[in-house]
Amino acid sequence: MLDVMVTLEKHRKLNLQKQIHLNKKRELRGRCFILASGPSILRQDLTLLKGEDVIAVSHVHRHSDISIIKPKYHVLAPFHSPFKFEDAKKYFDDFRRAYSPDAVEIFLGNAPYEYSFERFLETTDLYNEFKFKKIDYSNSSQLDESNYNDLSVWDLDARPFECRTVIYSAIQIAWKFGYKEVYLLGCDHDYILNLERVGNHRFYSDSAGISDKEHLAGFDLEKWFYEYYMRWKQYRLMKTFLNGHGVSIYNATEGGMLDIFPRVKYENLFEKNY
């Protein structure tokens, strides 16, 4: 196993503990699925993920099959404006309904924002049953051609590269825990095809949970072009790094625009014949 990340002790005064290094040698193991919340997952049978190692992100815990999927890990990107503490509370209340606290590790991206998850957890002891782990992005740098092959920026206990989308965090976690095959699901990345659906780029409607309509409404076409350029470039660098270390990453999303990673048919990854 690898070194364990900083743990967020869940009481009013957080005790941030540096964890021990269990094993300096990184050993590869099996496969995992990164399950994102794009609308495409409504067209896929997620019950096939039963018994698989799943890294869920963002709002996936709202899926009706979450009790069957039982993600091993769940990761949230750093919480920032325009989201407030009441939105963070919705996340954690939903976690309580969706997850058994002893069956999932929850990773919280953290940066020094006014309404960060860390600051929220300092205000309450309502979620003591969960063991949260912090990924500290407060001093992160953008992943680029000068640093993508530097092991230090892949070290989640140190100074990992900046989280432009929560999928980055999930990929970093997959690397950390030694998976040799990584499959992406629900990574549609096709917002730019219809900017008018600004509040409807996930598998559920905004009325069912936290709305990011206000956040996404601030993206004009120029900003989206820049965002897509950066994501595509950084995904390419991640792929190059991972492949160079014996890790294969594939896109099992049904549809979507992400063409950096080789495409695979989701259903063909399981023993059941289709």
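Tabulated data for the structure shown
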{"read-out": "Number of the exception - ALA98 against (1) closer than 29 Å to MET238 by Cα; (2) touching a His at 6+ places or on another chain (Cβ under 9 Å)", "value": "(1)"}
{"read-out": "Residue within the stretch 57-66 that is farther than 14 Å from ASP94 by Cβ and not in a strand (DSSP E or B) present", "value": "yes"}
{"read-out": "Among (1) part of a loop (DSSP other than H, G, I, E, B); (2) at pLDDT below 90 - the single one SER207 does not satisfy", "value": "(1)"}
{"read-out": "Some residue of the stretch 247-262 being at pLDDT 95 or above, exposed (fewer than 14 other Cβ atoms within 10 Å of the Cβ) and closer than 22 Å to LEU28 by Cα", "value": "yes"}
{"read-out": "In the stretch 154-176, the residues that are at pLDDT 95 or above and hydrophobic (A, V, I, L, M, F, W, C)", "value": "TRP154, PHE161, ILE167, ALA170, ILE171, ILE173, ALA174, TRP175"}
{"read-out": "Unique match (being in contact with a helix residue (DSSP H, G or I) (Cβ under 9 Å, 6 or more places away or on another chain), among the acidic types (Asp, Glu) and not in a helix (DSSP H, G or I)) among ASP144, ASP125, ASP94", "value": "ASP144"}
{"read-out": "Residue in the stretch 3-18 that is within 23 Å of ILE171 (Cβ to Cβ), among the β-branched types (Val, Ile, Thr), modelled with pLDDT of 85 or more and out of contact with any Lys or Arg (no Cβ under 7 Å at 6 or more places or on another chain) present", "value": "no"}
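The values are calculated or read from the model by the stated rules, or taken from the named source; none is laboratory data. What you are looking at is a predicted structure, and each value in this text was computed from that prediction instead of being measured. As a convention, Cβ positions derive from the backbone with ideal geometry for all residues, glycine included, and neighbour counts pool all protein chains shown.
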